[in-house]
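Please treat every number below as a calculation from the coordinates, not as lab data. This one's a predicted model, so the numbers in the text were calculated from it and none came from an experiment. Note that we place each Cβ from the backbone using ideal geometry, even for glycine, and neighbour counts take in every protein chain shown.
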Ligand SMILES: [Zn+2]
């Protein structure tokens, strides 16, 4: 049937006069065809999965390329398999950043948030899983060394104090 303007208007009015017709029809059809409904739900789920995965891959590729300095690869070693690339907090403040946020701190949530925020510069860089682990170890090693140095300083100043007090006591002893 050719859909003329008059027909469209008539049909629109008819739908307005029978608001529950399609809802009831669909409900009835679903009740009569339980197997078809199950298959449709599964098909839709599979279709959505494919779409979501493609979308996630596109977002991740764009974000990794930006923070990889124009290449979708690790800035340290050049490794370029997207599956093993991650975003590194340049200043090693990842854990405190994650604590302050309820969403958008890891994985695709993080990549989407950064994209929405217009890819801010200076905070992140693209690293592969290996280089990320090595960088974390280097950071921990620096933290450990700094702690050892500060403890050694504490011990040294405590020993100086102790030495001075012994000297004072000895001096007093001499005078008497
Ligand atoms: Zn690397």
Comparing 137, 28, 115, which has the greatest mean-square fluctuation in the GNM of the chain with Cα pairs linked when under 10 Å apart? 28
Run the numbers for residue 130 and residue 71: contour at 0.36 nm per residue of separation, minus the present Cα-Cα distance, in nm. 19.5 nm
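Per residue, what volume in Å³ does the convex hull of the Cα atoms of the chain enclose? Intermediate results must be reported in sequence, preceding the final value.
Numbers: hull volume 55.5 nm³, N = 176.
Convex hull of Cα atoms, per residue: 316 Å³.
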Grab the beta carbon distance between residue 153 and residue 54, set R0 = 45 Å, and tell me the FRET efficiency rounded to 0.05. 0.20
Share of pairwise Cα separations in the stretch 69-168, more than 19 Å, in percent: 58 percent
Point-to-point label distance, residue 168-residue 20, nm (Cα→Cβ direction, 7 Å offset): 9.4 nm
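Using Cβ contacts closer than 10 Å as the measure, can you line up 88, 81, 20 from fewest to most?
Working: 88 22, 81 11, 20 8.
In order of increasing Cβ crowding within 10 Å: 20, 81, 88.
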For residue 4 and residue 89, FRET efficiency with R0 = 45 Å and r from the beta-carbon atoms, rounded to 0.05? 0.10
At a Förster radius of 41 Å, what calculated FRET efficiency corresponds to the Cβ-Cβ distance of residue 30 and residue 116, to the nearest 0.05? 0.65
Connecting every pair of Cα atoms under 10 Å apart in the chain and solving the GNM, the largest mean-square fluctuation among 92, 132, 24 falls on 24
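Ordered by packing density, taken as the mean number of other Cβ atoms within 10 Å over each peptide's residues, highest first, how do 120-130, 97-107, 145-155 rank? Display every interim value, and only then the final one.
Values: 120-130: 16.1, 97-107: 11.7, 145-155: 10.0.
Descending packing order for the listed peptides: 120-130, 97-107, 145-155.
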Cα centroid distance between the stretch 38-78 and the stretch 100-127, in Å? 15 Å
